[in-house]
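Please treat every number below as a calculation from the coordinates, not as lab data. Just so you know, these numbers come straight off a predicted model, no measurement behind them. Cβ: placed from backbone, ideal geometry, glycine included. Neighbour counts: every protein chain shown.
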Amino acid sequence: CDGRPIPLPSLQGIAVLNIPSYAGGTNFWGGTKEDDTFTAPSFDDKILEVVAVFGSMQMAVSRVINLQHHRIAQ
């Protein structure tokens, strides 16, 4: 991301987002507020959010409960 290598955990894929919700309304970024590392996600800030996908079960369960998502970069 942005020319910097980022160590990744064992994962199945990544999701690159430009909107706060994904897959029919799931907040895959895991929040809408700014923190010490990342800014608040917005569709008009010209910043993409990159999130780890660990498998189809994670994606399915994310629709039901609010999981802690693994943010990679912004």
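Here is how the numbers come out for the structure above:
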item: Interchain or long-range residues, amide H under 5 Å from residue 73's placed H; result: 50
item: Distance (nanometres) between label positions extended 7 Å along Cα→Cβ at residue 6 and residue 45; result: 1.4
